[in-house]
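Every number in this text was worked out from the coordinates using simple rules, so none of it is lab data. Worth saying up front: this structure is predicted, and the values here are computed from it rather than measured. A quick note on method: Cβ atoms are made from the backbone with ideal geometry, for glycine too, and the neighbour counts reach across all protein chains shown.
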Amino acid sequence: MGEPRYDADVVVVGAGPSGVAAAVMAASLNLRTIVVEAGRVGGKLHTIGALDNVAGNWSNGPQLAAALTADLERLTKAGRCTLVHATAVSVRGLDDRAELTLEKGDLMTAQAVVVATGVAALTPSDVDWVTTRSAFIAPPLWRAVPQDLAGRTYVLGGDRPLGTWLRAHPEASTTLHVLCPPADDYKVEEVKRDERVRIVPVAHVAIARPTYGDGWLVEVEQRAGDRTSYVATTVLSNLGNKPAALEGLARGEDGYCPPEQQHPRIQIAGDLRSARYQRISTSQGSGAEAVLAHYYATALQT
Ligand SMILES: Cc1cc2nc3c(=O)[nH]c(=O)nc-3n(C[C@H](O)[C@H](O)[C@H](O)COP(=O)(O)OP(=O)(O)OC[C@H]3O[C@@H](n4cnc5c(N)ncnc54)[C@H](O)[C@@H]3O)c2cc1C
């Protein structure tokens, strides 16, 4: 029996920093690659207004996203990579191949699939410390423009984009009242000396329309059990993320996909690995490493 025919040596799902790093590493190893991306090349980079912890003098995420887009275009032109715009739904590891199923039912086969789909934003209905009593949609903090933040502004959750937003908008003078559940205490350490931030430690928050007037009524249950009500002009969401896992992946209790628990033909890279280490540099390193792991485990044996 001959070697099975694959659509590609490696299929990479997601073209954020980890997926692009995987594709670049695969090309350097002369592996044929298909990259499947549901949105834009660059992933979360498009949401980062200020960047100061990635090598290469990038001052914001879109600049780095443009460079990654150019990298993929170079690989595509050189015939080493194909970019497919589609949403993947499930992945499967078998003895002789890995399979990826797309939303429209198409199936791709490869020696290995690298899943680098990152995380998706949590909404109030995803977390147990927030209750909303009326149709409530909180716009994301990262998208907020300082000039639009008139009046009292509350932020639901103390996730890391708070620090990024403050660095991206040094001119903003609005006070952000950050409703912080215990799980976010360690995350707000980096911003609590910023005089534009007021941390409100909470056990639970209920949000409803006030009986009179505009804005939102924010009822806070403090950690000691006391209750206080505030009227907010604006409530912004900064609740954190949930893993964007595909069907067929092994998941931990928190929904993330530990690389060591997957089928040998399935590699996990970037933010999808764990709630920890969610940074651009680590996601790039893990994307490259995922392909090398496959290369040393499989390609050298054939
Ligand atoms: C507001 C904000 C600010 C940040 N600031 C910083 C910072 O200053 N410094 C830093 O180091 N990190 C920062 N981060 C974190 C950083 O953006 C992430 O760690 C990094 O982008 C993770 O890369 P990734 O490739 O794993 O995932 P992502 O960048 O999330 O890319 C995943 C890609 O997969 C695609 N995808 C998802 N599901 C599917 C599917 N089913 N089928 C096909 N494609 C799919 C998505 O469209 C996306 O393009 C910030 C994040 C946010 C949200």
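Tabulated values for the structure
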| item | result |
| --- | --- |
| Between helix 17-28 and the chain: long-axis angle, C-alpha atoms, 0 to 90°, nearest 10 | 20 |
| Set of aspartates and glutamates near residue 192 by C-alpha distance (under 13 Å), chain-local residues within fewer than 8 positions excluded | 159, 184 |
| √(5λ) per eigenvalue of the Cα gyration tensor, segment 106-170, largest first, Å | 33, 19, 11 |
| Residues with amide H under 5 Å from that of residue 249, placed H, sequence gap 5 or more | 91 |
| With Cα atoms, 0 to 90° folded angle of helix 280-297 axis to the chain main axis | 30 |
| Calculated Rg and Dmax of segment 204-246 using C-alpha coordinates, Å | 14.0, 45 |
| Hull volume in cubic angstrom per residue (convex hull over the Cα atoms of segment 1-144) | 158 |
| Square roots of 5 times each gyration tensor eigenvalue, C-alpha, segment 150-243, largest first, Å | 21, 17, 12 |
| Neighbour-count ranking [beta-carbon atoms within 10 angstrom, fewest first] of 185, 226 | 226, 185 |
| Stretch gain in nm, segment residue 55-residue 230, where the contour uses 0.36 nm per residue and the Cα spacing is subtracted | 58.7 nm |
| The chain - Rg over Rh from alpha carbon coordinates, Kirkwood radius | 1.04 |
| Residue among 186, 212, 154 with the largest mean-square fluctuation in a Gaussian network model of the chain, springs linking Cα atoms under 10 Å | 212 |
| Within a Gaussian network of the chain (alpha carbon springs, distance under 10 Å), most fluctuating of 16, 252, 42 | 252 |
| Residue 209-residue 145 FRET efficiency (beta carbon distance; Förster radius 22 Å; 0.05 resolution) | 0.40 |
| Structure-based [θ]222 nm, the chain - -39500 (n - 2.57) summed over DSSP H runs of at least 4, per residue, nearest 500 | -6000 deg cm²/dmol |
| Principal-axis tilt of helix 61-77 within the chain, Cα atoms, nearest 10 degrees | 20 |
